[in-house]
Structure formats: C-alpha cells, structure tokens
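To start, the structure under review is shown below, and the notes come after it.
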Amino acid sequence: MAEKNVQEMIIIGSGPAGLAAALYAARANLQPVVFTGMLLGGQVANTYIVENYPGFPEGIGGPELIEAFQKQAERFGARIEYDSVTALDLSERPFKITTYGGEHYAKTLILTTGANPRKLEAPGEEEFNGRGVSYCATCDGHFFTGKDVVVIGGGDSAMEEGLFLTRFANSVTVIHRRDQLRAGKLMQERVFDHPKVNFIWDTVITEIIGEGVVRKVKLHNLKTGQHSELATDGVFIFIGHIPNTELYKGQLEMDELGYLVVDKYMQTNIPGVFAAGEVADSHFRQVITSAGMGAAAAMQAIRFLEKQTG
Ligand code: NAP
C-alpha cells in the first residue's frame, strides 16, 4: 500500500478564520494546506465593503481583503487548494480528509467552514431563488436597478444589505417580524434617515408569488392578524445563518444551535482538531473576530504538534 502523505496541518475553509490560521501556521513552517470550499473567502468574498477591519480607514472591498489575506499566507508557504471536503474521519490520527480531488491525511485540523444564510421556508422561496429571491445584495443588487425590493430581517445584515440595495433599487421595504430592529444603533440611524427605505413592522412573508420572476409577496401582520399582498421585484432575505457542520455530525460536539463547541484555545472535543470563525461563533461574526480565532487556533495547533514531537 502506498504510504500516506501526511500533512502537519489541513485547514478546511478559506474565510478570514481559515486564511489567518494559514498565515500563522505557514509562518511556523508547517506548510498548511487550505481547502477553499466552493468560494475562496466565504461570505467576505460577497461583501461589497468591509468598514470595520482595522487598518483600512476608508474601508476595503471584501474580495480585495481576501486576496490580501491569501497572498500573505502564500508568501510564507501556505498551499491553497480549490477543492471541497466531502468526508472526514476523525476516529484516529492522522485524520483522514476526503475531497473531490482525493484522500489526504493531517496531524492537525483547523475547521473554518463558516455558516450559510438561513432560509425563510416560505412557499415560492426555492422556486424563485435566483429569479428575484436572493441572499446576497452585493451579488445581485445590480439586477434591481430602478426596481422595488423588499428586505426581510431586522438585524445588522438586513440593514447593511438594505442600505447597499438603495444604490440600485427605486425603493427598499424592510419587512420585520417585530416592531423594533435588532441592528445596532448606528445602523438603525442610517436606515431610518434614508429616503429610499420604508418599513413594514410586525409582519412576516407567507408566500412569494411570481411568473418566471418574483411579482409580489403575501404578508401576515402578526399583531393585527391581517393578510395582505405587496407588489415587489425582489425579495432579499437576511434572517441569520446556519453553521456548516454537516461533515462533523456524530464526530464533534455542537451546541443547541448546531455550532461547534470549542474551548478558549479553539480546541474541539477531539485533541488535534481545532475550529475557528463562524462555524464555532454564533455571537460575534466579524472579520476581525474570525481572523483572531483562526490565528489562535493555529497557534494552539502549533503547540499541540510541538508536544507530540517531544
Ligand atoms: P441576526 O442579528 O440574528 O438577525 C436576524 C434577524 O432576522 C432578526 O431581526 C430576526 O428577528 C430575523 N429573523 C430570524 N428568523 C426569522 C424568520 N424565520 N422570519 C423572519 N425574520 C427572522 O443576524 P444577522 O443580521 O445576520 O447578524 C448576525 C451577527 O453579525 C450579529 O451579531 C450582527 O451584529 C453581526 N453583523 C454585524 C455587521 C456589522 O457590524 N457591520 C454586519 C452584519 C452582521 P428578531 O429580531 O425578531 O429575532
């Protein structure tokens, strides 16, 4: 049997957590391998501008920031593989990682698979996905130039993306299930002051209707019980995220929301397996916190490897 090619460290995921971990591990000469998943950079790659990552007083484009992270990690020897992991065996060391490209083994793993947008689970959502229903204003906003769109959700994401949509859309109507936003004060001020943004409170969407493309939404006011319809060209949904943990089910400990459980050293319940970023953080969800977690995970993995060798 051919001898296993065992890496010191494999990183699954290529958002800020994965690329920061890669930088730290590369600088320790571990030549980490990063499996990028579907999209290098994850959610940040779809972010128009990042305004709260220190060091960029004017803000920086999400794709630009990711490119800089990548270049910096590669400069010290990280290997970026455009491949996705399909299975993981954590039952023995070295850990076995199966990707579309083949089988790989690693002494340590850093899991940074992030999270995906939560679905509304309303009739019509699947049918019109990509034909008026979207989870990414940065990706799809320009299709709605001069059109009327609705934004679902009351958090920072909904407000940030809603404000972005005002660049293109004629009107942006935020539909929120309560009568108060969850978003931070600064974001609230920006949306309340914006002439293109309207609000429909205490209301949920019960159906998305169209012919080929979205035409209208059915609404249900949770306070009055009233049902109504609203004509719209687009439905942008920002109601939180679900962590990408399918690969780890039955192998790693997760919390009640399905996020990986890590200790303060980013260690999961299996020694040698670390997790960082949004897959293990439902609370902060920032580029800087994810990158910080990634750096911490790599530092701890480096210590773990040092202990193993003696
Ligand atoms: P979030 O804060 O969890 O907000 C989700 C929103 O969706 C809430 O308003 C929630 O309503 C609503 N919602 C959830 N499920 C729903 C459903 N089934 N139907 C209708 N509405 C539903 O999520 P997020 O906005 O993605 O933000 C997550 C974290 O990232 C937060 O900590 C946020 O501060 C941070 N973030 C920060 C920035 C920034 O600082 N620039 C940008 C984006 C995100 P309720 O309010 O009634 O629960």
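Some observations on this one:
- Here the convex hull built on the C-alpha positions of the chain has a volume of 149 cubic angstrom per residue.
- Full extension of the segment from residue 52 to residue 29, taken as 0.36 nm per residue of separation minus the current Cα-Cα distance, would add 5.2 nm.
- Long-range Cα-Cα pairs in segment 40-194 (distance over 29 Å), rounded percent: 36
- Three-way shape label, segment 119-237, alpha-carbon gyration tensor, a/c 1.5: oblate
- Value of [θ]222 nm, deg cm²/dmol, for the chain, DSSP H segments ≥ 4, -39500 (n - 2.57) each, nearest 500: -7000 deg cm²/dmol
- Note on segment 205-310: semi-axes of the ellipsoid equivalent to its C-alpha gyration tensor, largest first and rounded to whole Å, are 44, 14, 13.
- Distance violations [Cα-Cα > 21 Å] among 96/264; 4/107; 119/216; 264/307: 96/264
- Each peptide in 226-233, 242-249 gets a packing score, the mean of other Cβ atoms within 10 Å over its residues, and the list from highest to lowest is 242-249, 226-233.
- Length gained on full extension, residue 96 to residue 145: 12.9 nm, using 0.36 nm per residue less the C-alpha separation.
- From phi via Karplus (6.51, -1.76, 1.60), per-residue ³J(HN,Hα) for segment 175-180 in Hz, x at Gly/Pro: 10, 10, 6, 10, 10, 9
- For segment 273-281, 3J(HN,Hα) per residue [Karplus equation, 6.51 cos²θ - 1.76 cosθ + 1.60, θ = phi - 60°, Hz, x = Gly/Pro]: 10, 10, 9, 8, x, 5, 5, 10, 8
- Label-to-label distance, nm, for residues given as residue 255 and residue 213 (7 Å Cα→Cβ offset): 4.1
- Estimated vicinal HN-Hα couplings, Hz - segment 116-129 in sequence order (Karplus 6.51, -1.76, 1.60; Gly, Pro = x): 10, x, 6, 8, 6, 6, 9, x, x, 5, 5, 4, 9, 4
- Amide hydrogen neighbours beyond the local backbone of residue 232, cut-off 5 Å, H modeled: 216, 217
- Counted residue by residue at 0.36 nm each, then reduced by the alpha carbon distance between them, the extension gain from residue 75 to residue 284 reaches 72.3 nm.
Each reported figure results from applying straightforward, stated rules to the coordinates on display, with no laboratory input. Remember, predicted model here, so these are calculated numbers, not experimental data. Ideal geometry is used to build each Cβ from the backbone, glycine not excepted, and the neighbour counts take in all protein chains shown.
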